[in-house]
Amino acid sequence: MVLKKTVLLLFLLASVLMNAQQQPSIIPKPVDLKMGNGNFTIDGNTTIQYDKSRKDLKATADFFASYIKNISGFSLKSNKAAAKKVEFVIEKSIQEEGYQLTVSLTAIVIKASSPKGVFYGIQSILQTLPAIRNNAALEVPVMQVNDYPRFKWRGMHLDVSRHFFGPDMIKEYIDLMASYKINVFHWHLVDDQGWRIAIKKYPKLTEIGAWRVDNTNLNWRERPQAKEGEKPTYGGFYTQEQIKEIVKYAAERNITIVPEIEMPGHVASAIASYPQLSCTQQPQLPMTGGNYSNMSSNYCAGNDEVFSFLENVLAEVMPLFPSSYIHIGGDEVDKGPWNKCVRCQARMKSEGLKDEHELQSYFIKRIEKFVISKKRKIIGWDEILEGGLAPEAAVMSWRGEAGGIEAAKMKHNVVMTPGTPFYFDHYQAGPEGELLAIGGFNTVKRVYDYDPIPKELNKEDEAYILGAQASVWTEYITTPEHLEYMVLPRMAALAEVIWSPKENKNWDNFNERLQYHFKGYAQKGLHYSPGNFTVNVKPFSENGQLLVSLFTEALNGQIRYTTDGTEPTLQSEKYEKPIGIKSSLVLKAATVVDGQIKGLQAAKQNFVMHKAIGNSVQYTNPVSQYYLADGPNSLTDGVRGTNAVGKYWHGFSEKDMIATIDLGQATTIENISLGCLQNYSDWIFLPQSVKFEVSTDGKFFKEIKTVNNPVDINQKSAVHNFSATFTQEKVRYIKVTAKNNLCPPGHSGAGKPGWLFADEIIVE
Ligand code: TNX
């Protein structure tokens, strides 16, 4: 008996010892990874072996050697006989960019069809090594990896116009991308607030257009416009020599740079340099921020000089960038100036264009012809669909997925970068305690959970989705440190979305691997977000009952919550399963990690129970697609809007909100309220007035009361309930009309329609 036990124990011990070791924390997760026993140790005697006749492999070997030298001081020799080797083998049958990596005790062999795959095999190895030079041994675990990407276009974008980032930061960005096997750098070189690429034929573009009066210390939207005589001291641009060097640097890391030369809008910087390019042809100073009043930001579409200018610019740009795609922008063109311009109107007439959308389409098609004549293709933001898509253009879908879906169905190539969740200028945590961001809430998990293939596409059309990218707009990102913080760790989540097979995705497993990357960032002195600790509060309805589920992204995080308005503590109720909401209450929830409450402020959600809960709402004017409020049934779900992350608000633009509720049967009521939001800088204003009406038959409505807005329209933010109390009435239908406001004088959108945001119609 005793003997038997010992044998068993010995067996168990042996199997633990022999068992394959833990998987390294490689991101993006390889398609297939099998672990063996022991390590290959890189030291001064390790050599690199490859076919000497291939120059491109030499560049890859040099990259590897110099990385190893940096973290260890070892100088690896190439193609010298040695007991231990790192070998690169070209094998044509392997998929483009894929690699097969075999690590044994004496050799690391990377097989790939080209140096691209070899480079990615190296990246996987590097992720198993120390991030910086320290005393740790360079041990690569014995393993076998078979890996290849899911998508061809795996991108990161960077706006260098709104704030300028010099060549060193660009290289750092490229290095980060390469470490995550990202292969396209979309370089947004032109926008209203700065022209960043030197063009020899038009020197003023960078002499004037790259420099502005420095208001970096002020909020983007609150910066005053430049005045005549003030010195423009903020800015910068890349010389063509610098561009060439960066393009080469990127190519050595398997990254293609796609330059973006914006047109026909977002070009106030070009107009400040050459005023004859705009419709009004009036001089203007370079913009300092987001104040657009009286600024021209479009090229004139009726002026042939504009097209020769752009062709000349592109003729200098294209030779610098070997990329097959050239990004021509195309987003957010305010068509107003074209409508008032005689030349544009004449062009529309001579070309038989029925509106300004078709004029935009004419503009893009004319440029496409030129780009195609130079054997390149154009890609543009999804607005280029409006008025007719250029014949061979690819579309970058940013206003959600709709543009991408439409283009793929038309058999055009598509790159997905939907603002939610792929805009990395949005908040990723907090927002309390975070540096000011443009808005939104794209946490690392939301990035991780996104799939670039929209459900609406069939198998055939799916093939047009080239891939996806994250976009980093920099209105609110003014320093390299802040830029690092905004992209780390979301870039890692993006990388796994666009590289790894969908079936292999697993949030918890990713979250665990991410902790190792956090250590690497910290060792390298990179700024990064430690993750989102704000509890995600998600109301839902089930069998007519309102419930709420809570979720935390924190690894091994617990949730503690209260329903009496007090702040959660370590002693508060522990969240185990969805909570039923049966009365009006305030729920507050916090993440706990290692016995500590995390985050500056608990997540908070108000619920209000009333007589219209669950009843359907008819809208006379549709709710904006962008602000659908994702509560169970929004205006009658008992879920109040939250200021913190802008959730559960219904948005209306230009037209009034007219909502009619059917209570299902005659019901005695004595109060109706509408909850609304004001957020001045986001163009969201409380309604001018709210009219409440009731009816017994749904045809004839009786006005009960019209309530005027008591809050100052210049107030930064407010949540207000418009409310009417009356003597009890028995009614079945309720109609609420909220009058939309215009942006007030002095606002950057002065005179333009604002947004109206509502969260709940409360009936008591
Ligand atoms: C919209 S996205 C823009 C940019 C802004 C960005 C801010 C796109 C094609 N246009 O000009 O920087 O929103 O998130």
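The values are calculated or read from the model by the stated rules, or taken from the named source; none is laboratory data. Just so you know, these numbers come straight off a predicted model, no measurement behind them. Every residue, glycine among them, receives a Cβ derived from its backbone with ideal geometry; neighbour counts consider all protein chains shown. These accessible areas exclude ligands, DNA and RNA; they are computed on the full protein's heavy atoms, side chains included. Shrake-Rupley method; radii C 1.70, N 1.55, O 1.52, S 1.80 Å.
Candidate membrane-span-like segments in the chain, meaning DSSP H helices with Cα atoms spread over at least 15 Å of their own axis and a Kyte-Doolittle mean of -1.0 or above, are 2-18, 55-72, 115-126, 167-179, 240-251, 304-317, 356-373, with no membrane implied. For residue 324, what charge total do you get from the other residues with a beta carbon under 12 Å from its beta carbon, if Lys and Arg give +1 and Asp and Glu give -1? With Lys, Arg at +1 and Asp, Glu at -1, the net is +4. The residues of segment 477-520 present an accessible area of 33 Å² per residue when probed at 1.4 Å with all protein chains retained. Working ranking of peptides 396-405, 474-483, 263-272, 716-725 by packing, defined as the average number of other Cβ atoms within 10 Å per residue, highest first, is 263-272, 396-405, 474-483, 716-725.
For residue 153, the solvent-accessible surface with a 1.4 Å probe is about 20 Å², rounded to the nearest 10.
Only beta bridges with both residues in the chain are counted; by DSSP, about 70 percent of them are antiparallel. A simple spin-label model places the labels of residue 717 and residue 558 3.1 nm from each other, with each point 7 Å out along Cα-to-Cβ.
Once all protein chains are placed together, residue 562 keeps about 10 Å² accessible to a 1.4 angstrom probe. For segment 441-496, trypsin sites (Lys or Arg not before Pro) are listed when DSSP marks them as loop and at most 15 other Cβ atoms sit within 10 Å of their Cβ; the list is 455. Note: relative contact order over segment 40-103, using C-alpha pairs below 8 Å and six or more positions apart, is 45 percent. The mean sequence distance of close C-alpha pairs (under 8 Å, at least 6 residues apart), as a share of the length of the chain, puts its relative contact order at 9 percent. Does segment 470-522 classify as rounded, prolate or oblate by the C-alpha gyration tensor (a ≥ b ≥ c root eigenvalues; a/c under 1.5 gives rounded; else a/b over b/c gives prolate, otherwise oblate)? Note, shape of segment 470-522 comes out oblate.
Qualifying GluC sites (Glu not before Pro) in segment 76-133, where qualification requires a DSSP coil assignment and no more than 14 other C-beta atoms within 10 Å, comprise 91, 96. With kT/(6 pi eta Rh) evaluated at 10 °C and eta = 1.306 mPa s, and Rh the Kirkwood radius from Cα pairs, segment 369-409 diffuses with a coefficient of 150 µm²/s according to Stokes-Einstein. Close amide H partners of residue 379, meaning residues 5 or more places away or on another chain with modelled amide H under 5 Å apart, are 326, 327, 328, 394. Restricting segment 303-386 to GluC sites (Glu not before Pro) that sit in a DSSP loop and have at most 14 other Cβ atoms within 10 Å of their own Cβ leaves 332. Distance between the pseudo-spin-label points of residue 725 and residue 662 (7 Å out from Cα toward the beta carbon): 3.2 nm. For segment 215-356, the alpha carbon positions stretch 49, 43, 22 Å along the principal axes, listed from largest to smallest.
By a 1.4 Å probe calculation restricted to protein chains, residue 683 has an accessible surface near 70 Å², given to the nearest 10.
Based on Cα atoms of the chain, Rg over Rh with Rh as the Kirkwood radius reads 1.01.
In this structure segment 411-465 gives 39 Å² per residue of accessible area when probed at 1.4 Å with all protein chains present. Only Cα pairs under 8 Å and 6+ residues apart enter the sum, and on that basis the relative contact order of segment 392-490 stands at 31 percent.
What percentage of the solvent-accessible surface of the chain, computed with a 1.4 Å probe over protein heavy atoms, is contributed by carbon and sulfur atoms? Ligands and nucleic acids excluded, carbon and sulfur give 51 percent. Accessible surface calculations at 1.4 Å, restricted to protein heavy atoms, place segment 584-654 at 47 Å² per residue. Determine the distance separating the Cα centre of segment 473-551 from the Cα centre of segment 179-210; give it in Å without decimals. Each part reduced to its Cα centre gives a spacing of 29 Å. Computed per residue of the chain from DSSP H runs no shorter than four, each worth -39500 (n - 2.57), the mean residue ellipticity at 222 nm is -7000 deg cm²/dmol.
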